Structure formats: C-alpha cells, structure tokens
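**Student:** One structure is given below, represented as structure tokens, and several questions about it will come after.
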Amino acid sequence: MTGCIFCKIIQGQIPSEIVYEDDNVVAFRDINPQARIHIVIVPRKHINPMNEINEGQAKIFSDIFLAAKKIAVQQKIGQRGFRMIVNVGPDAGQEIEHLHFHLLGGEKLGKLVG
Ligand code: AMP
Ligand code: ZN
C-alpha cells in the first residue's frame, strides 16, 4: 500500500529493528516503546483492520500468535508472559492502517481489563 509506513518497513525501504520474520509475518521494535519490550507484529500483506478483515484472512491471526510465541521465547519472556494489543479505528487511537499487534512485556504490566 503506497505511503504505508509498515509496508515500507516490510520492503526494507525505511530502517527498523526487525526481530522476527517468516513467510507471512514481520516483527520489529516499536519506535516509541511503551514497555521494556515492545514489538510490533504485522502481516506482510496490507490489511486494514477497520474494513478489510474477512474469512479469507483468518489464518493470519494464528500466524501472528504463533510468531508472538516464538518472539517471546527469543526475547526471554516465554515464561513471564506478555500482552498483545490491537488498536482498531479512531476510538482506539489506531494511527497506522496496516493491521498490527503490539507485543508488550519484559516488566509487570498494569491491568487494563479483567
Ligand atoms: P497504533 O496506534 O496501534 O496504530 O500503533 C502504531 C505504532 O507504530 C505506535 O506504537 C508507533 O510508535 C509505531 N511506529 C510508528 N512508526 C514506526 C516506525 N517507523 N518503526 C517502528 N514503530 C513505529
Ligand atoms: Zn501497509
């Protein structure tokens, strides 16, 4: 998608600290970390979570969670755990239209819900 920062990171057009990649998913450190470990996990394919999610894309969500599990082990938080957050749309403060999960961890996180 032209102009999408995350598409540019995936294509290597702008620098980022990539920590994990496979055929379907890329993960890199967030430029403005909100926890000791803050990694953004994205599908290689540009999908806007507001209006482009359909049954045909269901597999990307398991791909992302399987990647998160591997990243957690790699980052040595596989036992301590982590939080996954996805912001969808204006009320959630979504800034970048490319579907992305925030993986947060490396410290005790304040509870948001539950
Ligand atoms: P969201 O508010 O859920 O759309 O989150 C967008 C996230 O992307 C924010 O946490 C930003 O800090 C992060 N971000 C923006 N530009 C970059 C970049 N060039 N490299 C890494 N993370 C970025
Ligand atoms: Zn994109």
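**Student:** Within region 76-90, is there a residue that is surrounded by 18 or more Cβ atoms within 10 Å (Cβ to Cβ) and not in a strand (DSSP E or B)?
**Tutor:** Yes, region 76-90 contains a residue that is surrounded by 18 or more Cβ atoms within 10 Å (Cβ to Cβ) and not in a strand (DSSP E or B).
**Student:** Quick check on region 29-56: of everything there that is more than 13 Å from ligand 2 (Cβ to nearest atom) and under 18 Å from LYS69 (Cα atoms), which residue is most open to solvent (accessible area, probe 1.4 Å)?
**Tutor:** ARG36
**Student:** Restricting the search to region 99-114, which residues are out of contact with any Pro (no Cβ under 8 Å at 6 or more places or on another chain) and surrounded by 13 or more Cβ atoms within 10 Å (Cβ to Cβ)? If you could, list the steps in order and put the result at the bottom.
**Tutor:** Quick first cut of region 99-114, residues out of contact with any Pro (no Cβ under 8 Å at 6 or more places or on another chain) only: 100-114.
Listed by number, the residues that qualify are HIS100, PHE101, HIS102, LEU103, LEU104, GLY105, GLY106, LEU109.
**Student:** Still on this structure, please answer the following. If you go through region 72-98, how many residues are near ligand 1 (Cβ under 10 Å from one of its atoms), among the acidic types (Asp, Glu) and out of contact with any Pro (no Cβ under 9 Å at 6 or more places or on another chain)?
**Tutor:** 1
**Student:** Moving to a separate point now. Which pairs have Cβ atoms under 6 Å, sit 6 or more apart or on different chains, and link a residue in region 37-48 that is in contact (Cβ under 8 Å) with a residue 12 or more places away in the chain and of a type in the set (S, T, N, Q) to one that is open to solvent by 10 Å² or more (accessible area, probe 1.4 Å) and near ligand 2 (Cβ under 8 Å from one of its atoms)?
**Tutor:** Partner pairs satisfying both residue conditions: ASN48/GLU97.
The values are calculated or read from the model by the stated rules, or taken from the named source; none is laboratory data. Note that the structure is a prediction, hence the values are computed from the model and not measured. Note that we place each Cβ from the backbone using ideal geometry, even for glycine, and neighbour counts take in every protein chain shown. We work out accessible area using only protein heavy atoms, side chains counted, and drop any ligands, DNA or RNA first. Shrake-Rupley method; radii C 1.70, N 1.55, O 1.52, S 1.80 Å.
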